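Scroll down for the structure; my scribbles are underneath it.
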Amino acid sequence: MEIARIAAVGIIGAALAVILRKDNPTFAMFVGVATGIAVFALTIPAIETALGILTDLENRASAAFAYAPQLLKIVGICYIAEFGAQALRDAGESNIASRVEFGGKMLILAIAAPIVAGLMDDLLSLIGGI
């Protein structure tokens, strides 16, 4: 079970960070970041599997659903922004974490705007055709 490995890495990383935080907070921060990277590395096979399935769905539905690539980008931005923001919060940089989240939201807005415009055009053409 992959979750057992992920939980074990998280627990060991947290224990090391707690032990180090008292004497050397800088190393504790590095342990936290390294633990986050290790957990992310353990999830890469699952991410690859999910992306493969989504890519297959996108290829099969590309003619019917033109916005699939943009939606995949939006999901990716969400995960990356959340991962980066949490790593920054763990390092005690909550202000920078908030800016990373804001940046992610602005990127999502930029990608979603053409989707919303296209859907509005489709809706208006349906209403106009009635």
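For a quick check of your reading: which helices (runs of 4 or more DSSP H) sit entirely within segment 1-92 and have at least 2 residues that are buried (at least 16 other Cβ atoms within 10 Å of the Cβ) and touching an Asp or Glu at 6+ places or on another chain (Cβ under 6 Å)?
68-90
Taking only pairs six or more apart or across chains, which ones have beta-carbon atoms under 7 Å, a first residue in segment 102-130 that is closer than 17 Å to Pro69 by Cα and touching a residue at least 40 places away in the same chain (Cβ under 8 Å), and a second residue that is part of a helix (DSSP H, G or I) and of a type in the set (Lys, Arg)?
Once the first residue is closer than 17 Å to Pro69 by Cα and touching a residue at least 40 places away in the same chain (Cβ under 8 Å) and sits in segment 102-130, its partners that are part of a helix (DSSP H, G or I) and of a type in the set (Lys, Arg) give Ile111/Lys73.
Here are some residues: Ala61, Ala28, Ala81, Ala87. Which one is modelled with pLDDT under 90 and either closer than 30 Å to Met120 by Cβ or of a type in the set (Val, Ile, Thr) (or both)?
None of the other options fit; the residue is Ala61.
Could you please give the count of residues in segment 1-49 that are more than 19 Å from Ala81 (Cα to Cα) and within 16 Å of the chain's Cα centre (by Cα)?
Within segment 1-49, residues that are more than 19 Å from Ala81 (Cα to Cα) and within 16 Å of the chain's Cα centre (by Cα) number 2.
Could you say whether any residue in segment 35-43 is in contact (Cβ under 8 Å) with a residue 60 or more places away in the chain, out of contact with any strand residue (DSSP E or B) (no Cβ under 7 Å at 6 or more places or on another chain) and not small (Gly, Ala, Ser)?
Checked segment 35-43: no residue is in contact (Cβ under 8 Å) with a residue 60 or more places away in the chain, out of contact with any strand residue (DSSP E or B) (no Cβ under 7 Å at 6 or more places or on another chain) and not small (Gly, Ala, Ser).
The values are calculated or read from the model by the stated rules, or taken from the named source; none is laboratory data. Predicted, not measured: the structure shown is a model, and the values here were computed from it. Note that each Cβ is placed from the backbone with ideal geometry, even for glycine, and that neighbours are counted across all protein chains shown.
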